[in-house]
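Just below is one structure, and these are the notes that go with it.
No lab work stands behind these numbers, since they all come straight from the coordinates. Fair warning: this is a prediction, and the values are worked out from it, not measured in the lab. Methodologically, a virtual Cβ is constructed for each residue, glycine included, from the backbone with ideal geometry; neighbour enumeration extends over all protein chains shown.
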Amino acid sequence: MAQCEQILTPDAPVHTSAGPVDTPVDAVVSRMRALDAALPARDGVAVFNRVYLAVTEAVDRRIDAGRFPDARAAITLDVCFAERYLTAVDATREERSTPACWRPLLRYRRHPGVRPLQFALAGINAHIGHDLALAVVDACRSLDCEPADLEDEFDRVGDLLVSLEERIREDLMPGPDLLQIADPLTHLLGSWSLERARDATWSTARALWALRRLPDLTEEFTERLDAAVGFAGRMLLTPLPD
């Protein structure tokens, strides 16, 4: 993506000591906060945006604290990743075509029969299942490196997402606990796992990188990935009775 090509120039200083650091991640956080302020709280995109904002703020704090051994790689991957989501949101506001993986959330964002937890996980499904693999490739091109060089950063960001998934389910799952086993939402969401999606995404990123010199095959592979992730997202957004 164009937004990721020059996130950091080779000689740009990146501080890793404790304390605030002005990085491109801060700009991404500002854009997400602006979305949060502009959207109705019950809007499906707003629900996902709050989750993703929390993750991005956590990454930003870790960068400021020097928790990433390679800050440049972490910043580049994080911004390439976020730009794919923000570009999809911008496209729908401007009535342009969006990736298939994001269409279910964007189309059903105001459906009264879809619960907040479904919105959150449908957004995570689109972003992890499709965007993250492409962001790894974007970042490798920007940094002139191999996917293996970004594996530590990929794992650290992924660990943050996985740690938040349980909290998201607890915060957004309707109660009381004794009734959850009979709730159709429990059965619907039990078929999807962020950790499994993340593992599959790493394999997908490596495959896309290996195919980068075969543009026709890369395009076909990417289109099929987009469609498959979009299909899973549509299932996650199945309207449910109260």
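Maximal additional length on extending the L160-E195 stretch stands at 11.5 nm, based on 0.36 nm per residue less the C-alpha distance. The listed peptides 124-132, 34-42, ordered by packing as a protection proxy, come out as 124-132, 34-42 (highest mean of other Cβ atoms within 10 Å first). Sorting the segments 78-86, 108-116 by their residues' average number of neighbouring beta-carbon atoms within 10 angstrom, most packed first, yields 78-86, 108-116.
Using θ = phi - 60° in the Karplus curve 6.51 cos²θ - 1.76 cosθ + 1.60, the 3J(HN,Hα) couplings for the stretch 135-140 round to 5, 4, 5, 4, 5, 4 Hz; x is entered for Gly and Pro.
What fraction of the Cα pairs in the stretch 52-165, stated in percent, has a spacing above 22 angstrom? Write down the numbers at each step before the final one.
Numbers: 2332 of 6441 pairs.
Tail of P(r) above 22 Å: 36 percent of Cα pairs.
Over every Cα atom in the stretch 23-236, the radius of gyration and the widest Cα-Cα span, Dmax, amount to 16.9, 54 Å.
Just subtract the alpha-carbon distance of R107 and L240 from 0.36 nm times their residue separation and send over the number in nm, one decimal. Walk me through the numbers before you get to the answer.
Details: separation 133, 0.36 × 133 = 47.88 nm, distance 1.62 nm.
Contour length minus Cα-Cα distance gives 46.3 nm.
Using the Karplus relation 6.51 cos²θ - 1.76 cosθ + 1.60 with θ = phi - 60°, the per-residue 3J(HN,Hα) values for the stretch 216-232 come to 5, 5, 4, 4, 5, 4, 5, 5, 5, 4, 4, 5, 5, 5, x, 4, 4 Hz, with x marking Gly and Pro.
The relative contact order of the stretch 23-236 comes to 28 percent, based on Cα pairs under 8 Å that sit 6 or more residues apart.
Ranking request for peptides 142-149, 224-231: highest mean number of other beta-carbon atoms within 10 Å first, then the rest in descending order. Walk me through the intermediate numbers first.
Values: 142-149: 14.8, 224-231: 17.6.
Listed from highest to lowest mean packing, they are 224-231, 142-149.
Couplings 3J(HN,Hα) of the stretch 63-76, computed from phi: 5, 4, 8, x, 7, 9, x, 10, 5, 4, 5, 4, 5, 4 Hz, in residue order, whole Hz [Karplus 6.51 cos²θ - 1.76 cosθ + 1.60, θ = phi - 60°; x for Gly and Pro]. Separation of the stretch 67-112 from the stretch 21-50 is 11 Å, based on Cα centroids.
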